[in-house]
There are 2 protein chains.
Amino acid sequence: MQTHHHPLDAATALATIAEGRYAGATHPAYANMAGPFGGVTAAALLNAVLLDPRRLADPIALTVNFCAAIANGPFEIATKLQRGGKTTQHWSMELAQNGEICATASAVCGARKPVWSHGASRPPAAPPRETLQEMSGAGRPEWVRRYAVHFIEGGLADFPRSDGNIRSPRTLAYMQDNPARPLDFLSLAALSDAFFVRIMHARGTFQPMATVSLTTYFHVVADELAAIGATPLLGEADAAIFHNGFADQTCSLWTPDGRLLANGVQITWYKE
Amino acid sequence: MQTHHHPLDAATALATIAEGRYAGATHPAYANMAGPFGGVTAAALLNAVLLDPRRLADPIALTVNFCAAIANGPFEIATKLQRGGKTTQHWSMELAQNGEICATASAVCGARKPVWSHGASRPPAAPPRETLQEMSGAGRPEWVRRYAVHFIEGGLADFPRSDGNIRSPRTLAYMQDNPARPLDFLSLAALSDAFFVRIMHARGTFQPMATVSLTTYFHVVADELAAIGATPLLGEADAAIFHNGFADQTCSLWTPDGRLLANGVQITWYKE
């Protein structure tokens with residue numbers, strides 16, 4: 001058994017059973033209220049593609065559908081290379097426990113070329129992280145303690161609230177693996193789900209809620225990530241609408257010097 | 001053979017072969033440069049779920065991965081109900097031609113309840129459509145003529161440009177099926193891909209480009225859509241980054257009185 005120095009590596013580690021079949025297990029370091037933190041499940045599903053010897057390029061897009069609660073314990077991931085072209089490969093993945101599908105996913109890998117590039121959007125203005133207080137992980141699920149979060153706007157200092165006031169669902173925060181870890185696609189996939197569900201910020205209440213589907217786009221290649229190494233990212237999350245039990249959520253992850261590494265969306269469910 | 005009064009109904013019509021197996025065909029009314037307009041392919045994939053007698057609720061999320069060029073002609077869609085709970089059903093879909101996968105997709109259907117709701121984001125300010133000029137479809141692919149587009153910002157009046165100036169990738173426009181058609185999930189799915197690929201707006205050039213993966217969230221139920229009927233929608237599209245051959249794209253679709261019906265993202269490929 002390989003030793004993993006960082007809990008994210010341990011939590012996303014997969015053993016190859018056969019081509020396109022992998023065994024993994026949930027990890028207590030990323031435990032959520034019930035079962036594992038969804039971001040690590042997303043990272044594990046992506047890792048099944050990253051480990052595949054047929055993979056020709058870095059991931060561009062990842063969509064994960066959380067179909068059912070994942071129990072703490074072992075799981076199996078099956079991958080299928082649906083179609084491969086000169087530029088892109090399309091993968092489908094399924095995560096099962098005891099033969100029951102708990103998550104489905106798709107990933108696109110794509111070969112980048114040194115063609116016209118343009119950073120159309122600029123990162124939000126943010127003060128240096130050193131001037132901000134780190135969110136306390138006390139009393140929070142274990143996975144929350146795997147992230148160093150420094151809120152700039154839209155924090156949870158007075159959460160939960162029962163004043164009935166609705167606030168902006170937007171959060172701006174520095175986010176980093178805790179302990180620090182060099183960035184890669186696994187950590188970006190997990191970070192894209194590491195923002196709290198927006199209803200907590202907008203409404204200030206804690207209630208049954210879950211990510212239903214998560215889509216993350218990567219705007220960086222492995223070599224660039226390796227050169228960036230371990231750094232806090234400036235993260236922005238927002239939501240446009242909460243409608244009768246489902247709400248959208250957006251996220252963007254920037255390097256402190258303004259390079260957009262990943263962005264995406266998720267749709268969340270809430271009970272009441 | 002059923003007669004369809006609107007080309008979108010004809011282009012997304014499916015014949016049931018067996019449970020979870022459907023036959024469809026591309027339609028000349030939605031022809032793109034090569035093969036069909038991706039938005040109608042997305043709508044056809046969604047229609048396979050909508051037609052399934054096992055479906056318990058309206059669609060919440062749709063992700064379509066365009067794996068390979070679709071040839072003009074017949075195709076087959078296979079659907080699989082991956083997991084169904086009390087609140088959500090998770091579906092996977094595959095579109096094949098001659099046994100080769102051309103697109104994969106997933107959809108989540110979800111039962112909404114009359115719980116706390118909140119329109120957190122407001123639509124962009126826009127002048128009445130009557131004050132705007134309709135985009136000409138002359139010289140454009142056939143599918144473009146299936147939409148009445150009235151640009152407010154970020155139009156294509158001087159496209160293509162070769163001045164080298166980079167503009168904002170953002171577009172604000174009224175969008176409607178042409179001829180007008182009552183809104184439903186099929187038309188929303190197609191509209192979410194009916195914005196031009198953002199590189200055309202930002203760079204002003206026409207070049208090989210394609211949508212690779214498309215994710216759309218629906219924030220409305222069928223009864224609400226039926227009550228809305230046929231109306232132009234206020235559509236906003238933008239992009240954050242164009243990086244070495246892949247670019248993101250966002251879209252939001254609002255009723256003229258400010259109800260967000262759908263939003264989502266796509267990742268696009270461009271050649272040079």
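Coordinate-derived values only; no laboratory data. Values in this document were obtained by computation on a predicted structure and should not be read as measured data. Neighbour counts run over all protein chains shown; Cβ positions are idealised from the backbone, glycine included.
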* Relative contact order for the stretch A:106-258: what is it in percent, counting Cα pairs under 8 Å that are at least 6 residues apart? -> 23 percent
* **Rounded if a/c under 1.5, otherwise prolate or oblate - the stretch B:51-125, Cα gyration tensor axes** => oblate
* Among A:P128, A:G99, A:V49 the positive-end extreme of the charge dipole of the stretch A:1-156 (Cβ point charges) -> A:V49
* Structure fact -> Relative contact order of the stretch A:149-212 (C-alpha contacts under 8 Å, at least 6 apart) in percent is 44 percent
* Structure fact -> Largest fluctuation, A:V144, A:V40, A:V221 only, Gaussian network model of chain A with Cα springs under 10 angstrom, belongs to A:V221
* To do: Grab the DSSP H runs of chain B that are 4 residues or longer, score each as -39,500 (n - 2.57), total them, divide by all residues and round the 222 nm result to the nearest 500 deg cm²/dmol.
  => -3500 deg cm²/dmol
* Asked: Given Cα pairs under 8 Å that are at least 6 residues apart, what percent is the relative contact order of chain B?
  -> 17 percent
* Candidates A:I152, A:I60, A:I166: whichever shows maximal mean-square fluctuation once chain A is modelled as a Gaussian network with Cα springs under 10 Å -> A:I166
* To do: Give the distance, in whole Å, between the Cα centre of the stretch B:227-244 and the Cα centre of the stretch A:53-67.
  => 26 Å
* Placing a label point 7 Å from Cα toward Cβ, how far apart in nm is A:A226 from its equivalents in the other copies, listed shortest first to one decimal? -> 5.8
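Let me confirm one metric for peptide B:211-220, namely the mean number of other chain beta-carbon atoms within 10 Å of its residues' beta-carbons. Walk me through the numbers on the way to the answer.
On the way: counts 0, 8, 12, 2, 10, 1, 12, 3, 9, 3.
Mean inter-chain Cβ contacts per residue within 10 Å come to 6.
Counting partner chain Cβ atoms within 10 Å of every residue's Cβ in B:234-240, what's the average?
Working: counts 0, 0, 0, 0, 2, 3, 11.
Average per residue, whole number: 2.
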* To do: Could you work out which residue, out of A:S92, A:S168, A:S106, moves most in a Gaussian network model of chain A, that is, has the largest mean-square fluctuation with Cα springs under 10 Å?
  => A:S168
* Asked: If the cut-off is 23 Å between C-alpha atoms, which lysines fall inside it for A:K113, apart from same-chain ones fewer than 8 positions away?
  -> A:K86, B:K271
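How big is the dipole moment of the stretch B:65-121 about its Cα centre under a simple scheme where the beta carbon of each Lys and Arg is +1, that of each Asp and Glu is -1, and everything else is neutral? Debye, nearest 20, please. All intermediate terms of the calculation are to be shown ahead of the outcome.
Details: 5 positive and 3 negative charges, 104 e Å.
Here the size comes out at about 500 debye.
Other chains' Cβ within 10 Å of A:67-75 residues: what's the mean?
Details: counts 11, 6, 1, 0, 0, 0, 0, 0, 0.
Neighbouring Cβ atoms belonging to other protein chains average 2 per residue here.
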* Which loop trypsin sites (Lys or Arg not before Pro) in the stretch B:167-272, with loop taken from DSSP, have no more than 16 other Cβ atoms within 10 angstrom of their Cβ? -> B:R167, B:K271
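When a/c is below 1.5 the answer is rounded, else prolate if a/b is larger than b/c, else oblate, so apply that to the stretch A:34-168 with a ≥ b ≥ c taken from the square roots of the Cα gyration tensor eigenvalues. Let's see the in-between values first.
On the way: a/c = 2.58, a/b = 1.34, b/c = 1.93.
Oblate, since a/c reaches 1.5 and b/c is not below a/b.
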* To do: List the distances, in nm to one decimal, from the label point of B:H5 to the label points of the same position in every other copy, shortest first, placing each label point 7 Å from Cα along the Cα-to-Cβ direction.
  => 6.8
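Looking at the stretch B:36-105, which trypsin sites (Lys or Arg not before Pro) are in a loop (DSSP not H, G, I, E or B) and have at most 16 other Cβ atoms within 10 Å? If you can, show how the numbers build up before the last one.
Numbers: sites: B:R54, B:R55, B:K80, B:R83, B:K86; in loops: B:R54, B:R55, B:K86.
Answer by residue number: B:R54, B:K86.
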* Once the other residues with Cβ under 12 Å from the Cβ of A:A239 are scored (Lys, Arg +1; Asp, Glu -1), what is the net sum? -> +1
